[in-house]
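Structure record follows, encoded as structure tokens.
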Amino acid sequence: MSKLNYKVLYHFENEKVAIVEIKRNGLINADKAQEYLWLFYDKPNDMLSKLEFVSMDSNDSGESRKFENATIEFNLQSATFKEKGKVLKLDVINADKSLSTALKEAIGDYLLLQSFRSERY
């Protein structure tokens with residue numbers, strides 16, 4: 001099995017979706033937007049999309065991340081993802097726990113496509 005070229009920093013999941021923040025390894029002179037990625041995985045449709053990070057906040061009750069069209073609020077026990085009027089409750093998964101095969105493959109494919117695109121332009 002090949003070594004992953006990223007580290008999972010945050011992992012949230014329910015029966016239909018998974019949301020992860022990853023830090024890409026081995027990038028040289030990359031800006032933070034290329035190095036740190038928030039990804040949304042739609043399990044039933046096997047589709048992965050990037051969440052466009054805007055800002056982050058932290059307080060006594062937990063943390064939040066704001067994206068262009070969504071937000072996620074989380075603490076050590078649970079997370080709530082809000083997008084276009086939809087609210088999803090998610091479990092917090094230990095970042096050291098292995099990702100599902102489907103999610104690993106989707107992330108690998110996404111990163112490969114991004115590498116291909118950056119080499120061409």
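The values are calculated or read from the model by the stated rules, or taken from the named source; none is laboratory data. As the structure is a computational prediction, the values presented were derived from the model and not from experiment. Note that each Cβ is placed from the backbone with ideal geometry, even for glycine, and that neighbours are counted across all protein chains shown.
Residue check: ALA18 meets all listed conditions (1) small (Gly, Ala, Ser); (2) surrounded by fewer than 16 Cβ atoms within 10 Å (Cβ to Cβ); (3) in contact (Cβ under 8 Å) with a residue 12 or more places away in the chain but one, namely (2).
Within segment 39-63, residues that are free of Cβ contacts under 8 Å to residues at least 40 places away in the same chain and assigned to a strand (DSSP E or B) have Cβ atoms under 6 Å from residues that are of a type in the set (Lys, Arg) and surrounded by 13 or more Cβ atoms within 10 Å (Cβ to Cβ) in these pairs: VAL54/LYS66; SER55/LYS66; MET56/ARG65, counting only partners at least 6 apart in sequence or on another chain.
When the residues of segment 87-121 are filtered to those that are of a type in the set (D, E, K, R) and in a loop (DSSP other than H, G, I, E, B), the one that is modelled with the highest pLDDT is LYS97.
Set side by side, the residues VAL87, VAL92 differ, and just one is among the β-branched types (Val, Ile, Thr) and more than 18 Å from LEU9 (Cβ to Cβ), which is VAL87. Among the residues of segment 81-111, those identified as over 20 Å from LYS7 (Cα atoms) and over 14 Å from the mean Cα position of the chain (by Cα) are LYS82, GLU83, LYS84, GLY85, LYS86, VAL87, LEU88, LYS89. Can GLU68 be described as of a type in the set (Asp, Glu), touching a residue at least 24 places away in the same chain (Cβ under 8 Å) and exposed (fewer than 12 other Cβ atoms within 10 Å of the Cβ)? So GLU68 does not fit the description; no. LEU76 meets the conditions (1) outside any strand (DSSP E or B); (2) aliphatic (A, V, I, L, M); (3) surrounded by 15 or more Cβ atoms within 10 Å (Cβ to Cβ) in every case but one. The failed one is (3). Screening segment 21-59 for residues that are more than 12 Å from the chain's Cα centre (by Cα), among the aliphatic types (A, V, I, L, M) and at pLDDT 95 or above and picking the one that is nearest to ALA79 (Cα to Cα) gives MET56. Of the residues making up segment 83-111, those that are out of contact with any Asp or Glu (no Cβ under 8 Å at 6 or more places or on another chain) and either in contact (Cβ under 8 Å) with a residue 12 or more places away in the chain or under 14 Å from VAL20 (Cβ atoms) (or both) number 20.
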